[in-house]
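The values are calculated or read from the model by the stated rules, or taken from the named source; none is laboratory data. Here the structure is a predicted model, which means the values were calculated and not measured. FYI the Cβ positions are ideal-geometry reconstructions off the backbone, even for glycines, and counts take in every protein chain you see. With ligands, DNA and RNA removed, areas are computed over all heavy atoms of the protein, side chains included. Shrake-Rupley method; radii C 1.70, N 1.55, O 1.52, S 1.80 Å.
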Amino acid sequence: MSHTGSHRADLTARDEEPTLGRLVADASRDMSALVHSEIALAKSELKVSLTTGGIGAGLLAAAAFLGMVALVLLSVTIAYFLVWAGLGPWWAFLIVTVFYLLLAGILALLGLRRIKRVRGPERTIATTKQIPQALKPS
């Protein structure tokens, strides 16, 4: 009877130990979950960056639109005012044109600064770099 009791203890101990197949399946499941988590993190970070980039692009579009409207409409009005004040017509139009070009340049610089704030998925890159180290045997 002692022989049978010890045999059962061996079987129970072997049943509780994970098999190679189970270890591979668990590792595969864990890797899949990790990859899905990293993709979700990347999507989240890119969404924030794209919003910031969209605002920057909108500022550039506003700068271009305001530059065109200002050059066409306001420059004519102000230039004629300068002519009325006694300046020669070509001087008046030159001064107004330079002023609006400077204004458009300032708006474009503000838009470019905003676009430069767009960043990649930094946390995702950092955690992805850690994966190979986690897979190395201790």
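Quick rundown of the values:
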{"quantity": "Distance between modelled label sites at F99 and T128, nm, 7 Å Cα→Cβ extension", "calculated": "5.2 nm"}
{"quantity": "Within straight-line cross-link reach of K116, lysines at Cα separation under 25 Å, skipping those fewer than 8 residues along the same chain", "calculated": "K43, K47, K129"}
{"quantity": "Between 0 and 90°, nearest 10: helix 2-16 axis offset from the chain longest Cα axis", "calculated": "10 degrees"}
{"quantity": "Within the chain, helix-based [θ] at 222 nm, where runs of 4 or more DSSP H residues each add -39,500 (n - 2.57), nearest 500", "calculated": "-30000 deg cm²/dmol"}
{"quantity": "Of V24, V76, V48, the one that fluctuates the most in a GNM where the chain has Cα springs shorter than 10 Å", "calculated": "V24"}
{"quantity": "Accessible area of the chain divided out per residue, in Å², using a probe of 1.4 angstrom", "calculated": "78 Å²"}
{"quantity": "Acute angle (nearest 10 degrees) that the helix 89-116 long axis makes with the longest principal axis of the chain, alpha-carbon atoms", "calculated": "10 degrees"}
{"quantity": "Percentage relative contact order, the chain, counting C-alpha pairs under 8 Å, at least six apart", "calculated": "35 percent"}
{"quantity": "Cα pair distances of the chain binned at 5 Å [whole percent]", "calculated": "2, 8, 10, 9, 8, 7, 7, 6, 6, 5, 5, 5, 4, 4, 3, 3, 2, 2, 2, 1, 1, 1, 1, 0, 0"}
{"quantity": "Acute angle (nearest 10 degrees) that the helix 20-69 long axis makes with the longest principal axis of the chain, alpha-carbon atoms", "calculated": "0 degrees"}
{"quantity": "Size of electric dipole in the chain: Cβ of Lys, Arg +1 and of Asp, Glu -1, about Cα centre, debye, nearest 20", "calculated": "440 debye"}
{"quantity": "Percent accessible area from carbon and sulfur atoms, the chain, protein chains only, probe 1.4 Å", "calculated": "70 percent"}
